[in-house]
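No value in this document is a laboratory result; all are computed from the given coordinates. Keep in mind the model is a prediction, meaning the values are calculated, not measured. Every residue, glycine as well, gets a Cβ built from its backbone with ideal geometry; the counts of neighbours run over all protein chains shown.
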Amino acid sequence: MQAMVLTAPGKSLQMQQREDTLPGDGQVRVRVSACGVCRTDLHVVDGELPGIRYPIVPGHEIVGRIDQVGRAVTSHRIGDRVGIAWLGYTCGVCRFCREGAENLCDRPLFTGYTRDGGFATHCIADARFAFPLGEDGDDVSIAPLLCAGLIGWRSLVMAGSGERLGIYGFGAAGHIVAQIALWQGRSVYAFTRPGDSAAQAFARRLGVAWAGASDQQPDAPLDAAIIYAPAGELVPVALRAVRKGGRVVCAGIHMSDIPSFPYRELWEERQLVSVANLTRQDGLDFLAIARQANIRTETTAFPLGAANEVLARLRAGQLLGAAVLQP
């Protein structure tokens with residue numbers, strides 16, 4: 001197998017030839033056909049997440065077909081097309097798992113972070129966390145749904161059912177969530193980096209009610225706002241944009257420090273919450289919704305060996321929609 005490997009924080013990924021791995025009990029081996037590139041991959045590469053053990057293979061928006069099945073696996077067969085997402089294992093016995101909040105598991109494993117991911121020709125996955133995908137749709141278009149879509153869905157649920165929804169950071173997750181919210185009949189307000197006219201035009205093509213820079217205020221108070229950009233300074237900005245009793249959802253795995261802000265910007269029962277991972281049920285619910293809502297992802301495909309170039313373009317904000325690597 002081949003893999004793009006991170007050997008130390010901040011280093012470029014290295015293409016390495018590795019011995020083929022075999023799945024253990026309860027595991028499957030997946031031949032990767034597409035793996036989306038996520039901002040969280042940047043946080044892994046830049047060493048911004050704790051506890052990374054090197055070497056590690058990033059990538060957690062994986063689509064592929066099972067080519068080996070470990071013992072005690074009854075849910076999947078060789079040839080099945082599956083999706084592998086960020087949450088790759090939970091213990092099943094801690095308080096949070098027992099209470100149905102496995103996304104808060106005390107002993108989780110994360111694909112592409114604490115276990116090798118999909119910037120490779122093959123990966124090993126826990127069979128319980130391999131989502132059945134069926135045969136509809138192409139692999140490149142589906143890959144971003146496995147993180148941008150899943151985290152986007154959970155953040156949308158946490159934002160509540162208000163009519164006016166603000167989205168700060170209109171990238172991979174933002175353009176998927178906007179489509180779901182519009183399908184639900186909501187009004188979407190898209191906020192981008194100042195001067196990013198391309199992203200604003202992209203948002204308008206999708207049918208948002210308003211698109212502008214993140215330093216602008218909407219023409220009416222928002223019922224809720226979701227922040228996908230990893231920029232802590234957007235938190236007080238979003239709080240000022242939501243109505244009394246409104247909610248701001250921080251949807252990233254990592255965010256820069258939130259600056260001090262006056263209490264009056266939180267007052268009047270505004271709420272500030274974060275999203276942590278997702279449950280398997282979130283994944284099943286979202287994949288069903290994505291089909292009903294006819295979600296279309298804006299993707300650009302690159303060869304696996306271009307991973308460093310793609311990460312650099314993502315860091316610089318030079319990608320519209322989502323980038324996908326193909327071995």
Taking Cα atoms of region 149-274, Rg/Rh with Kirkwood Rh, to two decimals? 0.92
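In region 51-115, what GluC sites (Glu not before Pro) fall in a loop by DSSP, with at most 13 other Cβ atoms inside 10 Å? Working shown, then result.
Details: sites: E61, E99, E102; in loops: E61, E99.
Counting only loop positions with at most 13 other Cβ atoms within 10 Å, the GluC sites (Glu not before Pro) in region 51-115 are E99.
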May I have the pair-distance distribution P(r) for the chain, computed from all Cα-Cα distances with 20 Å bins from 0 and rounded to whole percent? 33, 58, 9
Of all GluC sites (Glu not before Pro) in region 232-327, the ones in DSSP coil with at most 10 other Cβ atoms within 10 Å are E269
Which semi-axis lengths, in whole Å and largest first, follow from the square roots of five times the eigenvalues of the Cα gyration tensor of region 1-140? 22, 20, 14
Between L22, L304, L146, which gets the highest mean-square fluctuation from a Gaussian network model of the chain, Cα cutoff 10 Å? L22
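By counting other Cβ atoms within 10 Å of each Cβ, how are W210, W267, W153 ranked from fewest to most? If you can, show how the numbers build up before the last one.
Details: W210 18, W267 10, W153 23.
Exposure proxy ranking, most exposed first: W267, W210, W153.
Per residue of the chain, what 222 nm ellipticity follows from adding -39500 (n - 2.57) for every DSSP H run with n ≥ 4, rounded to the nearest 500?
Details: 9 runs with 79 residues, N = 327.
So the helix-based figure for the chain works out to -6500 deg cm²/dmol.
So, counting K/R as plus one and D/E as minus one, what does the shell of residues with Cβ under 13 Å around G169 add up to? It would help to have the intermediate numbers written out before the result.
Numbers: positive: R39, R193; negative: D196, E233.
That sum, taken over residues with Cβ under 13 Å, equals 0.
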